[in-house]
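Visitor: Provided herewith is a single structure, encoded as structure tokens, for subsequent inquiry.
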Amino acid sequence: SNCATEPAPAAKTFQAAPNALVDETVMLQFDARIGDTLRIGEQEFTIAGKLRKIPGETLAFSLISPRVYIPLAYLDRTGLIQKGSLVRHRVYFKLDPKTDADELVRRLSPRLAQLRLEADTVSRRTASISRSLENLSRYLHLAVFIAVLLAGVGVASGIHVYTKEKTASVAVLRCLGARPRDTLYVYLIEALIIAAGGTLLGALLGSATQALIPLALKDFLPLGFVISWAPKGILAGMGVGIGMTILFALIPIVSLRRVSPLLALRSSYEAARRFKDPALWIIFSLIALTVLAFALANTEHWHHGLIFTGAVLGAFAFLTWFAAGVSKLLRKLIPGYLPFPWRQGLANLHRPNNQTTVVMLAIGLGTFLIVTLSSVRSMLLNQVTERSVKDEPNLVLFDVQKDQRQGIASLLQSLNLRQYGEVPIVTMRLAAVKDKRVEELGADRNGAIPRWALRREYRSTYRSALSDTEQILEGTWHGKVAPDTDPIPISVEKGIAKTLQVTLGDGLQFEVQGVPLRTRVANIREVDWQRVQPNFFVVFPAGVLESAPQFYAVVARAESSQSSARLQRAVVERFPNVSVIDLTLVLNTLHSILGRISTAIRFIALFTLLTGLAVLVSAVLSSRAQRVGESILLKTLGAPRAQIITTIVAEYLFLGIISCVTGGLLAVLASWGLSFYFLGTASTISWLPVLLIVVIISGATVVTGIAGCWGIFRRSALEALRVES
């Protein structure tokens, strides 16, 4: 009654007669319409409506496993339930509101485990849905937090130049009797007001655009969504923004404590070196602790948080060290054969009070993040697209019985479809692990083996050779054994071996319709699950399961959707028990899901790029007064406009290229680490997008630098000198 159907009343009225509600994708696939007749087993049903939405299921899931609903009263007439049928029963209970459903399930767990039953509750389903969105949430958190750090660098840059301009004013205040902390408080309050205004504006914009995310993911959410405001989340975001702004602003502001009153009388007076200030290192430590706290709050394991913190701080440290090193190196190694504008532009990178280190840090970090996100996206997409190569099988026919094998083969041949092979499948249950019954293991609340691994139905196969999706990690492969072999040497997939906590030589006991099978783990096998074809947790050798109750999965290939549709219609007519799965549909669904993720990645990358651009603009405009004096002096000495522009271009071109190349190389290294340790796929770095990103950001750096200094050509030398004096 909670299903969304077309027409809407069909959800309630279809049970009054032999009617059916059919998933919309099935109706499109078979060109069926409301009122048409379909046959399920021995019974015919009239299509009473389309299923558009099923509570608890997503549109993406319905594409892979579409549903057909029929009235329960007509189930026996279909003849589907008989010996050998696979049937899952679900019973729904409505408990008293005061009943703790989770506690009830916990108390019944031992008995449910003995009966091999599973129980679910609303709170568990809610937690499951939350876990399914947790990775996306973490990704957004991490990307935005990096953007916040990048913005913090921009804040430090702007405040640094601002405090340099106000140093003389601070010296005068000191002469008038102001205490060091009073001068610090003045500019700290200014930074706090700016931070509060910026975070308030950001909170308003974020709240206004939050509706876009659920709209983008609506097809993959298994429930409807209601947009609501979360005051705690908004306040937390504003707190992070204000806190990070103040932390980064304190880096230049804290140096104002050491401004001497002598500076008001002697402009050549130099204060102590700032990096020897203990307060500065306290601020750096607070920033590091903030990063660590965020990492620990958004990762499952503490060591992952430490790795993330180390990577972020390492990127900051390396880029800072590299920028400072480049600035010092240029002081000695500017080529003398370069034209004057280029030598002057490179010399500007190590001028007093320059912003080389800060701007290179901002550009490098922005490039690092964008290239990393782009590379990860490319690897994820390649991981899917490479599976749909030419001549790969894309059709699987399940539940083919022994007496249907020849008929299926003839049908495929008549439709000019290539058959790749038949895979026998034997359904079995796990009875014991290392001589311990699964009932005993499942009743142990402190047991390390999850209950799903003990209670699940294992669909295993037997064969004499490995498939092209498998490789042996350890142990020996046994292709064929005698029928009376005891225990039977089996091959176990590495993931389920780890879950069941078994290694080479350990014993497992299975039951095939009550008949026990004693086995031992002869080898551990790795399976490429990304290959969309029949793969198995457990593989038996040939020679022992041939006489067991079994069905077959036939693997074939259709060159077009029309060929696939013709096959499915013919299978429904001649072999109604056989299920046909078009893996092309699965691949298209994966492409659709990754497309949504790709859109989110592009959005975050664009957001980060705009943040980096804002930092660059801030750095350029904050040092504008310094450039006005230099450019006016060059103009007064007779330098033409083209020469001044060339000087600016040379400075920002070198600044952008060095920063982007360094950030890009760090990103390539990070992408390799992600692919090797987290994605479990081969690292396939596409260098063309990396090069394009480097060129685009370098070009944006030059354009922003020129735009920020363009107004200097409208100012006269006398006006500039009056301002500077």
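Visitor: For R557, what accessible surface area do you get with a 1.4 Å probe? Give it in Å², rounded to 10.
Guide: 40 Å²
Visitor: If you don't mind, another one. As a test question: what accessible area, to the nearest 10 Å², does R574 have when a 1.4 Å probe is rolled over all protein chains in place?
Guide: 130 Å²
Visitor: Full extension from S561 to D506: what is 0.36 nm times the residue separation minus their Cα-Cα distance, to one decimal in nm?
Guide: Here the answer is 15.2 nm.
Visitor: Name the residues whose placed amide hydrogens come within less than 5 Å of the amide hydrogen of D506, ignoring near sequence neighbours (fewer than 5 apart) on the same chain.
Guide: Long-range HN contacts for D506: V521.
Visitor: Out of the DSSP beta bridges found with both residues in the stretch 486-584, what percent are antiparallel (nearest 5)?
Guide: Here the antiparallel bridges make up roughly 55 percent for the stretch 486-584.
Visitor: Could you sort the peptides 665-672, 474-481 by per-residue average Cβ neighbour count (10 Å cutoff), highest mean leading?
Guide: On the way: 665-672: 18.9, 474-481: 14.8.
Highest-to-lowest ranking by the protection proxy: 665-672, 474-481.
Visitor: What list of ³J(HN,Hα) couplings, whole Hz, do you get for the stretch 546-563 from phi and the Karplus terms 6.51, -1.76, 1.60, once you set θ to phi - 60° and write x for glycine and proline?
Guide: 4, 8, 6, x, 7, 9, 10, 10, 9, 9, 9, 9, 10, 7, 8, 5, 5, 5
Visitor: Express in nm, to one decimal, how much length is gained between A707 and A230 on full extension, taking 0.36 nm for each residue of separation and deducting their alpha carbon distance. Don't skip to the answer; put the middle values down first.
Guide: On the way: separation 477, 0.36 × 477 = 171.72 nm, distance 4.03 nm.
Length gained, A707 through A230: 167.7 nm.
Visitor: A follow-up question, please. Return the FRET efficiency for the residue pair T499, H303: r is the Cβ-Cβ distance, R0 is 22 Å, and the value is rounded to the nearest 0.05. Display every interim value, and only then the final one.
Guide: Numbers: r = 22 Å, r/R0 = 0.99.
Efficiency, rounded to the nearest 0.05: 0.50.
Visitor: Exceeding 31 Å between C-alpha atoms, which entries from my cross-link table qualify? They are K50/K98; K83/K436; K12/K94; K98/K436. Working shown, then result.
Guide: Numbers: K50/K98 37 Å; K83/K436 29 Å; K12/K94 20 Å; K98/K436 38 Å.
Table pairs above 31 Å Cα-Cα are K50/K98; K98/K436.
Visitor: Turning to a different aspect of this structure: In whole Hz, what ³J(HN,Hα) sequence does the stretch 465-474 give by Karplus (6.51, -1.76, 1.60; θ = phi - 60°), x for Gly and Pro?
Guide: 9, 6, 8, 6, 9, 10, 8, 7, 8, 7
Visitor: Suppose we keep just the alpha-carbon trace of the stretch 455-576; what are its Rg and Dmax in angstrom?
Guide: Gyration radius and largest Cα-Cα distance of the stretch 455-576: 16.8, 49 Å.
The values are calculated or read from the model by the stated rules, or taken from the named source; none is laboratory data. Since this is a predicted model, take the numbers as computed values, not measurements. Because the Cβ atoms are built from the backbone with ideal geometry, glycine has one as well, and the counts that use them run over all protein chains shown. Calculation scope for accessible area: heavy atoms of the full protein, side chains included, ligands and nucleic acids excluded. Shrake-Rupley method; radii C 1.70, N 1.55, O 1.52, S 1.80 Å.
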